[in-house]
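**Q** Quick one: the structure is below, questions incoming.
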């Protein structure tokens, strides 16, 4: 299963959002700590110092006036006489700090006591809050906006730097390889806006495109020449069979041998056409031929009947439905023929059952089976399980061809196998006609 990867732009947006979030959180924490220090430490320490200073002045001069400035006022109760103290302060504890709301404004009250005298120092904290706001929070907000602006500018510059790379990736992702067999990539317009690294990548892709096109052209030439050379001996063999079949009064065993040779040459023609078609995948046109899969399965079982008798295998056909597929006749024959022949070749003294359903064909045998490791490599070219080496003749190309054909025509294939119990392979046809 392919993992969905995150794009570069999404990563840049995520980094930018994370950066803004961390900066905002840091500034909010800084403001909170600053406010806590101002109210919890600075103001309280200042009021303590003011109270000590006043008591020392009062000891030197009993007539010393109480503090009375813009932010600080003092009140004094002597020998329990609270007539000079506002009523709201009279019930406060004799020593310590208290916070009160005075006409919608916050006030911090410091209470201290000496020689039957109680001093009340009332500090207007609202003024300090305004100072903290204008000289603390506002500058922090300006710095925050500046940092946000620089971060956004960095994001835009980063996005502009990776934009050619993103455009190149999107272009390659949307490129239609089916309609561009020569791999003509129109990426020249990207070179004008690309930086050094992306330009190097574009140039390397241009060289790779040229080499790949040259390789594809060599493959086409080889396919054309090989197809011509392979068709010639098959045609000669086929013509010779036609001449031999014209002889009358032939012994039964020779007639039977000629029939096997006729089926073999027919299979060779079909296989040759299929292999050439696979080598020219881009030129393959989806056919509209209606193939009777039931007849194909019956024909393939008839072809392997003699081999099944030699290995003492029982062939079974279960037709649960009539299945028709829109595909080339030879492709369906190659796929099902390979599966049925494999089942017969890898089974001894057992059964090979072929089941036709409304959208699939299942081939089940009781042969040697495959382990998990062998099953994972079963569709690789030239691979053959260790148990079959030296017993079954072949080159290990059958299942590889089946896999390519199934993939090319949009079908699906599933395999289940256990050593010593057999193998079950099912082909599901996407173009099944019901």
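What follows draws every value from the coordinates through simple rules; no lab data is involved. As the structure is a computational prediction, the values presented were derived from the model and not from experiment. Counting neighbours? That spans all protein chains shown, and the Cβs are built from the backbone with ideal geometry, glycine included.
**Q** Assuming R0 = 41 Å, can you tell me the calculated FRET efficiency for the pair residue 10 and residue 321, based on Cβ-Cβ distance, to the nearest 0.05? List each step's numbers first, then the result.
**A** Numbers: r = 48 Å, r/R0 = 1.17.
Working from the Cβ atoms, E equals 0.30.
**Q** Counting other C-beta atoms within 10 Å, which of 33, 340 has the fewest, and how do the rest follow? It would help to have the intermediate numbers written out before the result.
**A** Numbers: 33 10, 340 23.
Going from least to most buried by this count: 33, 340.
**Q** Moving on. Give me 32, 54 ranked fewest to most by other Cβ atoms within 10 Å of their Cβ, as a rough exposure proxy.
**A** On the way: 32 10, 54 19.
Placing the least packed residue first, the sequence is 32, 54.
**Q** Given a Förster distance of 41 Å, report the FRET efficiency between residue 105 and residue 18 from their Cβ-Cβ distance, rounded to the nearest 0.05. Please report the intermediate quantities before stating the final value.
**A** Working: r = 40 Å, r/R0 = 0.98.
That gives a FRET efficiency of 0.55.
**Q** May I pose another question? Between residue 71 and residue 41, how many nm apart are label points set 7 Å from Cα along the C-beta direction?
**A** Each label point is offset 7 Å from its Cα along the Cβ direction, giving 1.7 nm.
**Q** How would you rank 344-351, 45-52, highest first, on the average number of other Cβ atoms within 10 Å across their residues?
**A** Numbers: 344-351: 18.8, 45-52: 14.8.
Averaged packing, sorted descending, gives the order 344-351, 45-52.
**Q** Something else about it: Could you list 237, 429, 222 in order of exposure, starting from the residue whose Cβ has the fewest other Cβ atoms within 10 Å? Don't jump to the answer; show the numbers that get you there.
**A** Numbers: 237 14, 429 25, 222 11.
Neighbour counts put them in this order, fewest first: 222, 237, 429.
**Q** Work out, step by step, the length gained on full extension between residue 215 and residue 79: first 0.36 nm times the residue separation, then minus their alpha carbon distance; give nm to one decimal. Display every interim value, and only then the final one.
**A** Values: separation 136, 0.36 × 136 = 48.96 nm, distance 11.01 nm.
Result for the pair: 38.0 nm of gain on full extension.
**Q** Hey, with R₀ at 45 Å, roughly what FRET efficiency would residue 309 and residue 207 work out to, going by the Cβ-Cβ distance, to 0.05? Show your work: numbers first, answer last.
**A** On the way: r = 59 Å, r/R0 = 1.30.
Given R0 = 45 Å and the Cβ-Cβ separation, E is 0.15.
**Q** At 0.36 nm per residue, and after removing the present C-alpha to C-alpha distance, how many nm does the segment from residue 290 to residue 358 gain when stretched out fully? Present the calculation step by step, with values, prior to reporting the outcome.
**A** On the way: separation 68, 0.36 × 68 = 24.48 nm, distance 1.46 nm.
Here the answer is 23.0 nm.
**Q** At 0.36 nm per residue, minus the direct Cα-Cα distance, what do residue 59 and residue 244 gain on full extension? Give it in nm, one decimal, please.
**A** Numbers: separation 185, 0.36 × 185 = 66.60 nm, distance 14.27 nm.
Computed gain between residue 59 and residue 244 is 52.3 nm.
**Q** Going by average Cβ density within 10 Å per residue, which order do the peptides 84-93, 243-252, 362-371 take, highest to lowest?
**A** Details: 84-93: 12.1, 243-252: 9.2, 362-371: 20.9.
Those peptides, ordered most packed to least, come out 362-371, 84-93, 243-252.
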